[in-house]
1. Given 0.36 nm per residue, what is the gain on full extension from F40 to Q64 after removing their alpha carbon distance, in nm?
2. How big is D for the range 4-70, in µm² s⁻¹ as a whole number, if Stokes-Einstein is applied with the Kirkwood radius of its Cα pairs at 10 °C and 1.306 mPa s?
3. For a quick check: sort V7, V52 by the number of other beta carbons within 10 angstrom, fewest at the front.
4. With an 8 Å cut-off on Cα pairs and a minimum separation of 6 or more residues, tell me the relative contact order of the range 4-70 in percent.
5. Could you pull out every residue, at least 5 positions away or on a different chain, whose amide H is within less than 5 Å of the one on F34? Hs are placed 1.01 Å off N in the peptide plane, and Pro or chain starts have none.
Amino acid sequence: MEDDAIVVPRFYRIPMWIVVVDATVADGLDRATFHLPAHFFAMYDSHGGVMVTNYCQDRLHAVQHREPARR
């Protein structure tokens, strides 16, 4: 068994209003239009087999990227 990992820098842009509630913290930035970068890091264990690890590594980040748009 061999574990595997994936790193996707700047995977998603998070609107500032989601993470900054206090307007004073924004320091003059428009919380409605300013976005913060989010990065995707994942470690896949191979307990389900190498094919499962590869499948998840190829697809999970894409599913995670689509999900916020569904809400």
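Read-outs: derived from the displayed coordinates by stated rules, not from any lab. Computed from a predicted structure; not experimentally measured. Using ideal geometry, Cβ is built from the backbone for each residue, glycine included, and neighbour counts are taken over all protein chains shown.
1. Fully extending the segment from F40 to Q64 adds 7.7 nm.
2. Translational D for this selection: 114 µm²/s.
3. Lowest to highest Cβ neighbour count: V7, V52.
4. Result for the range 4-70 is 40 percent.
5. HN-HN under 5 Å from F34: M16.
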